[in-house]
Amino acid sequence: MGRADPEEGHLPAPVKPPDGGWGWIVLLGCFVITGFSYAFPKAVSVYFKELMKDFHVGYSDTAWISSIMLAMLYGTGPVCSIMVNQFGCRPVMLIGGLLASSGMILASFTTNIIELYLTAGVLTGLGMALNFQPSLIMLGTYFDKRRPLANGLAAAGSPVFLSSLSPLGQVLLEKFGWRGGFLIMGGLLLNCCTCGAVMRPLDAGMKRKMEKTQDKYEAKEMLPIGGKSEEGISTTDGTKKAKKAKKKPKKGKKLLDFSIFSNRGFIIYTISKFILVLGLFVPPILLVNYAKDTGVPDTEAAFLLSIIGFIDIFARPACGMVAGLKWVRPHVSYLFSFAMLFNGLTDICSARASNYTGLVIFCVFFGISYGMVGALQFEVLMAIVGSQKFSSAIGLVLLIEAFAVLIGPPSAGRLVDALKNYEVIFYLAGSEVVLSAVFLAMATYCCLNRGKKKEPPTEKNPPGGGSDTEEAESDVQEAEEHSSDNHQPPHNTDNTVVAASEEANHVAEEQSGEGGGCPEGRGEVLARDGCNADQTVERDSF
């Protein structure tokens, strides 16, 4: 009763996220996809030395393979958003899994570095991008109250896969060579198709069953008790379709919703995220070389990254649990600001570390803060824009981040070559991260919180603490209000409580005047022998 019909131009009422059930399978698929998307470009680096020997190129040439993968992951965000809005998450993920796998398989047959760029770089990178973004969208669809925890668990896939894919790649390289290793890695990427297959749309089965049950119940309540219920259902379906055919066609769905730029919270988040990415990835990239320049042996220097990964595995789920607490979730934007501030101060304080012990302490704190940032970044975005616009929002954010990724680490490398001093680079990277944290916290407090205090309270959710369940309930309430504005409330009779609109009574009177032979009855829906089927009142008019 009063539900919005998509065929009539209204948006369907969102289904309440189950926060469990099949959502845990979706979470597992998102965990795998996140692991492949972030860890695979780094794990491919174990093959670089063999590629340099076979193709007679330098390290910078082979490093472009990972750079192209990351550029495709970030830069194709709007393309992914358009495809998801047009075709849905599951078909896009299935195509992405096939592209990612075929890219690595074709790369095993390449004869020059340019072919590697096109296969392992472009094809595989595009395939992983088509998997990563829809998986996050589906995660936000299935979880609401437990969404911070779900985001934290899914984000933990990155350090877990990084710690496993790199050793696996080294083993495959020693036993099968880089060509055999690429073939096997391509086979592993087919698991992305499996993850895409489990991304079942939430409203495909549950909502359809609920509508059928509701339709039958409404028809039985509207019709007199007797054997005419089935006839009434069929006739109402016919009149319902006839009425819809006369109505104007609905507007096409937006492929990319740019209206999110009118959301001040989204603008603030995007600016702070751009500043953050400029310095966030610089320390882990330069850490190994920095340790070697301070006199740390190669094996111990490489172990520093393992420390960060190990701490990161536990930091992300733990931060997700904290963000899901009732007294923390409404202020999740400030928790994200604290995580960025923690990370930036860690970079600044470690800039003068001169021994291995100091670098180990830096890695522990950096792993904690880096895990907090990774667990909260998409949770904050979901809370700001909501699940309905998240598909467009994440695509645009990733595109903007792509420019920061192409500016930050390369600029830091050039400064190292020019200054021969890592200390300045750590100070600069830490300052950028601190600036992003201060900007997000101050802008959220000044532009959003104070603005809402001055305006009348029109929204229930504070910035950064929105609930998709409450959004769904408000949409349903709006649909019911829309229905009540257009139709007359039901009238009570002595024997039967029946709902009838003014339009139905008008039609009944006209047809009875034309000699239809049906008795007039205000507020009653009659379906007797000899009555015209067109007199049956439509269910959607109530």
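The values are calculated or read from the model by the stated rules, or taken from the named source; none is laboratory data. Model, not experiment: these values are computed from the prediction. When we count neighbours, we look across all protein chains shown, and the Cβ atoms used for this are built from the backbone with ideal geometry, even at glycine. Only protein heavy atoms, including side chains, enter the accessible area calculation; ligands, DNA and RNA are left aside. Shrake-Rupley method; radii C 1.70, N 1.55, O 1.52, S 1.80 Å.
Return yes or no: is Glu423 among the acidic types (Asp, Glu), in contact (Cβ under 8 Å) with a residue 12 or more places away in the chain, assigned to a helix (DSSP H, G or I) and surrounded by 17 or more Cβ atoms within 10 Å (Cβ to Cβ)?
no
Anything in the range 264-292 that is open to solvent by 20 Å² or more (accessible area, probe 1.4 Å) and under 16 Å from Ala393 (Cβ atoms)? List them, or say none.
Answer for the range 264-292, where residues must be open to solvent by 20 Å² or more (accessible area, probe 1.4 Å) and under 16 Å from Ala393 (Cβ atoms): Arg264, Ile267, Ile271, Phe274.
Quick one: Leu165 ticks every box in (1) modelled with pLDDT of 90 or more; (2) within 24 Å of Met372 (Cβ to Cβ) except a single one, so which number is it?
With respect to (1) modelled with pLDDT of 90 or more; (2) within 24 Å of Met372 (Cβ to Cβ), Leu165 is out only on (1).
Regarding the range 392-404, can at least one residue be identified that is part of a helix (DSSP H, G or I) and closer than 18 Å to Val322 by Cα?
Kept after step one, since they are part of a helix (DSSP H, G or I), are these residues of the range 392-404: 392-404.
Subsequent filtering for residues that are closer than 18 Å to Val322 by Cα retains none.
Checked the range 392-404: no residue is part of a helix (DSSP H, G or I) and closer than 18 Å to Val322 by Cα.
Residues in the range 307-319: is at least one assigned by the TED database to the domain that holds Ala443, in a helix (DSSP H, G or I) and in contact with a Cys (Cβ under 7 Å, 6 or more places away or on another chain)? Outline the logic, then answer.
Taking the range 307-319 first, the residues assigned by the TED database to the domain that holds Ala443 are 307-319.
Still in the running and in a helix (DSSP H, G or I): 307-319.
From the residues that got through so far, the ones that are in contact with a Cys (Cβ under 7 Å, 6 or more places away or on another chain) too are 307-308.
Looking through the range 307-319, at least one residue is assigned by the TED database to the domain that holds Ala443, in a helix (DSSP H, G or I) and in contact with a Cys (Cβ under 7 Å, 6 or more places away or on another chain).
Can you tell me which residue among Ala156, Ala107, Ala150 is outside the structural domain of Ile384 (by the TED database) and touching a Ser or Thr at 6+ places or on another chain (Cβ under 7 Å)?
Values: Ala156 fails: touching a Ser or Thr at 6+ places or on another chain (Cβ under 7 Å); Ala150 fails: touching a Ser or Thr at 6+ places or on another chain (Cβ under 7 Å).
Just a single option satisfies the conditions, and that option is Ala107.
Scan the range 87-105 and give yes if some residue there is in a helix (DSSP H, G or I), within 30 Å of Val57 (Cβ to Cβ), of a type in the set (A, V, I, L, M, F, W, C) and open to solvent by 50 Å² or more (accessible area, probe 1.4 Å), otherwise no.
Scanning the range 87-105, I find at least one residue that is in a helix (DSSP H, G or I), within 30 Å of Val57 (Cβ to Cβ), of a type in the set (A, V, I, L, M, F, W, C) and open to solvent by 50 Å² or more (accessible area, probe 1.4 Å), so the answer is yes.
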